[in-house]
Structure formats: structure tokens, C-alpha cells
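Working notes, beginning with the structure itself.
The numbers here are math on the coordinates, done by the rules we state, and not lab data. Keep in mind that this is a model prediction, so the values were computed, not measured. Quick reminder, even Gly has a Cβ in these numbers, built from the backbone with ideal geometry, and neighbours come from all protein chains shown.
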Ligand SMILES: Cc1cc2nc3c(=O)[nH]c(=O)nc-3n(C[C@H](O)[C@H](O)[C@H](O)COP(=O)(O)OP(=O)(O)OC[C@H]3O[C@@H](n4cnc5c(N)ncnc54)[C@H](O)[C@@H]3O)c2cc1C
């Protein structure tokens with residue numbers, strides 16, 4: 001790779017950790033995925049801008065990764081650079097009585113705990129979603145009746161020209177598992193501001209614990225997965241349709257429709273990208289034939 005040495009030099013200059021030929025299975029909750037050319041742990045927005053400028057100038061493919069909790073990565077890997085925006089770019093700050101600012105690599109669950117410790121309510125629903133704030137905004141992540149849309153006020157991002165831009169919530173086209181960022185995957189979210197409500201710390205803690213308990217009770221958290229495998233189809237639930245079609249426990253290679261929660265495909269051990277694709281194709285076909293509903297994959301394919 002002609003650019004590798006130069007890019008590694010740039011990372012060293014910017015004090016960014018990087019790894020070459022890094023297996024993506026180490027960075028996805030599905031534990032699936034071949035190697036990328038270089039994986040760079042982004043540590044600031046300035047660093048991000050410098051690296052993005054380099055990549056764009058040289059026309060090098062890149063992909064932004066958070067905690068990899070909604071990713072299905074190809075076993076053939078990614079012939080480009082992974083910009084990992086996670087714990088090296090994590091900072092939370094209370095910027096107003098009910099306002100919290102955080103950088104995009106912040107863990108969503110850490111943000112929820114910070115809000116609770118500051119007696120701020122509104123983020124309880126997000127406790128237990130295993131992603132970063134950037135990944136959650138990209139996906140408009142949601143659970144138990146709440147979604148990022150309800151609590152985000154604004155964000156900064158670098159656009160396709162590496163210019164720093166800001167967007168108010170209303171400009172983000174936030175809807176079910178969709179945002180302006182998912183329409184523009186070469187934009188990179190750098191920070192997000194949340195507006196919450198004053199609340200009672202103990203009540204917030206109790207709600208968070210209750211929802212975490214529900215997750216542990218209902219979801220197959222003992223196995224690697226990317227969470228819900230299919231988006232919720234209009235008028236029904238993917239898990240319900242899959243169960244009605246008798247597909248619980250169906251498997252291809254190491255990939256299996258969880259017997260605990262039929263909305264999850266899990267990696268029972270050694271599942272490949274192709275196993276998951278073949279299994280989800282079978283599920284989609286059967287559900288369509290038996291119920292008329294078309295299921296759509298929720299995880300982002302990285303190849
Ligand atoms: C056990 C389990 C339970 C889950 N439960 C839920 C749930 O209840 N609700 C829910 O909505 N989701 C759930 N998920 C899915 C996932 O956790 C969320 O979608 C999460 O928000 C993804 O964040 P991430 O940091 O892991 O992003 P990744 O999976 O790394 O990336 C997802 C997408 O976001 C983009 N992205 C990431 N960071 C940035 C950034 N800074 N700027 C621009 N783009 C970026 C990536 O390019 C990619 O396209 C679950 C997953 C698992 C494994």
C-alpha cells in the first residue's frame with residue numbers, strides 16, 4: 001500500500017494510536033470481519049480533520065467506526081482506513097443547568113450515568129445501548145419508547161470538504177433508525193449537545209436499572225450480535241413475524257436466530273459474514289412468503 005507509511009507517520013505526529021492489518025472482528029460486537037489496512041483511534045477533532053484531509057487528498061477509502069455495535073463486516077476485510085471514534089475521543093461536560101455536551105466517541109451508557117449523577121432525566125431509555133454517542137446519532141438509536149431525537153439539540157460534524165459544520169436537531173432528519181448522517185456517510189460527527197430535564201437521581205437510577213434488567217432478561221447478551229438484526233417493519237415487529245414463521249433457532253454455520261429473542265441473529269461461534277447473510281436472506285424470504293412483510297437489515301454492512 002503506497003500510502004501506509006505516510007499515514008502511519010501522520011498518526012505518530014498526531015499522537016494517534018493506529019494498527020495496520022487490524023482484524024475488524026476485534027472491533028465489532030458481532031465478532032465478525034476481516035482486516036482493514038489501517039485502523040486509527042481518533043483522539044481529537046483537529047486530528048480527525050488532518051487525517052480526513054490526507055485521506056481525501058489521496059482518494060483513500062475510509063469508514064467511521066464507533067463501538068462497532070451495529071456493524072456486519074465482511075470476512076474479506078475492508079480495503080481502506082478505519083477511523084475509530086470511541087474512547088480516545090470521549091469527553092462529557094455539563095454546559096448548562098439541563099444541558100450536556102459530549103464528544104462523539106463518548107459511550108452512550110457513560111453519558112446516561114453522567115446524566116443520572118447530575119439528576120438529569122431523559123436518557124434513561126438509552127442505558128444499555130452498547131454504542132457511542134456518534135453512532136447513536138447516526139442511527140437515531142432508540143429503545144423503550146425513547147430515541148435520540150427526543151433529547152439531542154445540536155451537533156457538530158466535518159462535512160465532505162472537512163469543514164466544521166453545525167446542525168440543529170430539526171435539520172438532522174431524525175426518524176426511525178435514520179438521520180441526515182446516514183444519508184451522508186462521509187460526514188463525521190464530532191460532538192453532540194443534549195437537552196434534558198431536572199429529575200430525581202434515585203428515580204432515574206431505578207428506571208435505568210429496570211430497563212437494563214429487561215434487556216438482560218429478554219436479549220441474548222451472552223452471545224456476540226449486532227442487536228436487532230432487522231428494522232421494525234411498518235405495522236408489525238420483526239421478532240414477532242420471525243417467531244410466527246417458526247424460525248427461532250434456524251441456523252447457517254455459526255449464525256443462529258436466537259431462541260431467546262427471535263429479532264437477534266447471534267454468533268454462536270465462528271460465524272462468518274456469509275453465514276449471517278445466508279441466514280438473514282432465508283429469514284427474509286420465509287417471512288415475506290408467509291406474511292407479506294419485507295424485512296430490512298438494520299446493521300450497516302462494512303465491506
Ligand atoms: C446487544 C445489543 C443491543 C442493542 N440495542 C439497541 C437498542 O436498544 N436500540 C438501538 O437503537 N440500537 C441497539 N443496538 C445497536 C447499536 O448499539 C446502536 O445502533 C448504536 O447506536 C451504534 O453505535 P456504535 O458506536 O456502535 O456505532 P457503529 O456500530 O460503530 O456504527 C454504526 C454507524 O454509525 C456510523 N458512525 C459511528 N460513529 C460515527 C461518527 N462519529 N460520525 C459519523 N458516523 C458515525 C458508522 O459509520 C456506521 O455507519 C444494540 C446492539 C447490540 C449489540
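Results, tabulated for the structure shown:
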quantity	calculated
Kirkwood Rh, Cα atoms: Rg over Rh of region 220-302	0.93
Estimated FRET transfer efficiency when R0 is 45 angstrom, pair residue 95-residue 296 (beta carbons, to 0.05)	0.75
Relative contact order [Cα under 8 Å, 6+ residues apart], region 227-303, whole percent	35 percent
Reciprocal of mean inverse Cα separation for region 90-216 (Kirkwood radius, Å)	14.5 Å
Cα-only radius of gyration and Dmax that characterise the chain, units Å	19.5, 58
Highest-MSF residue in the chain out of 77, 96, 105 [GNM, Cα springs under 10 Å]	96
For region 4-86, share of DSSP beta bridges that run antiparallel, in % to the nearest 5	35 percent
Spin-label pair residue 58/residue 144, simplified geometry with 7 Å Cα→Cβ offset, distance in nm	4.6 nm
Projected label distance in nm at residue 180 and residue 285, using a 7 Å step from Cα toward the beta-carbon	4.1 nm
Scattering profile of region 1-76 at q = 0.16, 0.19, 0.27 Å⁻¹ [log10 I(q)/I(0), Debye over alpha-carbon scatterers]	-0.59, -0.83, -1.33
Distance (nanometres) between label positions extended 7 Å along Cα→Cβ at residue 217 and residue 237	1.3 nm
Beta bridges by DSSP in the chain, antiparallel share as percent, to the nearest 5	75 percent
Among 240, 65, 196, residue whose mean-square fluctuation peaks in a GNM of the chain (springs only between Cα atoms under 10 Å)	240
Relative contact order for region 98-147, counting Cα pairs under 8 Å that sit 6 or more residues apart, in percent	42 percent
Mean residue ellipticity (222 nm) of the chain, computed from DSSP H runs ≥ 4 via -39,500 (n - 2.57), nearest 500	-9000 deg cm²/dmol
Alpha-carbon centroids, region 95-156 and region 226-303: separation in whole Å	28 Å
FRET efficiency, residue 26 to residue 117 (Cβ-Cβ, R0 35 Å, nearest 0.05)	0.65
Relative contact order for the chain, counting Cα pairs under 8 Å that sit 6 or more residues apart, in percent	17 percent
14 Å reach of a label modelled at residue 303, 7 Å along Cα-to-Cβ, counting backbone N of region 31-46	33-34
